[in-house]
Amino acid sequence: LAENIRFVLTSRPSQDALRTFADKQGDSVRALALDAADSRVKAELTAYAAGLAVIPEVKAALARTGRNGGEFARDCALKADGNRGYLATLGRAVDQQRAAGEGAALLDELVQLRHLPGDLDGLYAFFLGQIMSRQAKRDITVTDPATQRRGLINAWTDLYHPVLSVLAVALQPLTVAQLQALTGTLAERAQVSQAVEWLSQFLDRIGAEYRLYHATLAEFLTSEKTRTNPDCSALYVDGAREHGAIASEIERDDGDAIWRDEPADEVVQGRRAYARSFYLTHLYLARDWRRLFAAIDAGAYGRGKVAADPSTYLYAHDLDLAIEAATRIPELPALWRYKLLRSTMAGYANALPPESY
């Protein structure tokens, strides 16, 4: 690179890959640590919180609770302890309460900061716990499409938590129709849309698609610490199991059907569009090697992917996952077969029986 070109990259310091990269690059890379005690960091966090304090609803809540904006901004910066994500999450909570328009009590509680945990994971648990405690008391009327019988499902257990679970492991932003398809919920589109609206504090919207607004939220939901903490274990998402569940929903279509469009049914079309890119990746991340091998050996999914991408680049990526899986077991006939198919992308590799290897 020319001497006057610099790249500035941000990352949390605990990333092993980042340390490996920095070590290999030697003098070409300089690490600039952001210290929570740095006066500039504190000043920026205080300025961010001061911006929250002048929002009319927040300003009114501060007045009701006998606080002023300067105190609020200073206390927010102390609570955040150098973590801007903490204040961003608090700001999203303020926005959610303003949009909901459900009265001033919750905003009054937020601006006092007394009951808010002192770390980001605790803050996620606090705000998600508020939604869970409310939705766990609600039931939703649904209709079973197979029998047309009507019944009740729990709003949290059967809709809100499944939506969060899918978003925690999804490999791209998802539409409401895709969320409806990949969760396997019996809830109707309007009910899924309402759940997304309630969870909007934790989501980014990109056009008509949604994703969790930060990777730390997915990490919190799938963390072993969340599973073992009795205060938030109900929020836990088993990542491998969820990858497998998404693959199972995809398998409602066989390998050939995935590649057929169904424009009249946006749920089916959304599921198939997602499956075309990520079906085998979810099987790999679920560590379900046998299902992964079976999907490749059947051939229909692979033929469809090569037809959609004649360069074979995308299917080669799928085969790389299968090769790695076959190496882990190890499953030598499968390993040799997939390596041969990967290197040639020719049909004859599939024609050879396992005994030949």
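The values are calculated or read from the model by the stated rules, or taken from the named source; none is laboratory data. Just so it is clear, the model here is predicted, and its values are computed rather than measured. Note: ideal-geometry Cβ built from the backbone for every residue, glycine included; neighbour counts use all protein chains shown. Please note that ligands, DNA and RNA were not included when accessible areas were found on the heavy atoms of the full protein model with its side chains. Shrake-Rupley method; radii C 1.70, N 1.55, O 1.52, S 1.80 Å.
Brief remarks on what is shown
- A Gaussian network model of the chain, with springs between Cα atoms under 10 Å, assigns the largest mean-square fluctuation among 13, 230, 333 to 13.
- For the chain, the longest principal axis of the alpha carbon atoms and the long axis of helix 69-80 meet at an angle near 40°.
- Remark: relative contact order (the range 63-197) = 16 percent; criterion is Cα-Cα distance under 8 angstrom and separation of 6 or more residues.
- Rg(Cα) / (2.2 N^0.38 Å) computed for the range 68-125, rounded to two decimals: 1.08
- Using alpha-carbon coordinates, inclination of helix 313-328 to the longest axis of the chain, degrees: 90 degrees
- Highest GNM mean-square fluctuation among 124, 48, 284, for the chain modelled with Cα contacts below 10 Å: 48.
- Between the Cα long axis of helix 189-198 and the first principal axis of the chain there is an angle of about 40°, rounded to the nearest 10.
- Think of it as helices only: each DSSP H run of n ≥ 4 in the chain is worth -39500 (n - 2.57), and spread over all residues that comes to -18000 deg cm²/dmol at 222 nm.
- Which label in (1) 21.7, 72; (2) 24.5, 81; (3) 21.3, 64 gives the computed Rg and Dmax of the Cα atoms in Å: (2)
- Neighbours of residue 326, meaning other residues whose beta-carbon lies under 10 angstrom from its beta-carbon, give a summed charge of +1 when Lys and Arg score +1 and Asp and Glu score -1.
- Portion, in percent, of the accessible area of the chain that falls on carbon or sulfur, probe 1.4 Å: 52 percent
- Prolate/oblate/rounded label for the range 216-357 (Cα gyration tensor, a/c 1.5): oblate
- Cα-centre dipole for the chain with unit charges at Cβ (Lys and Arg positive, Asp and Glu negative), debye to 20: 380 debye
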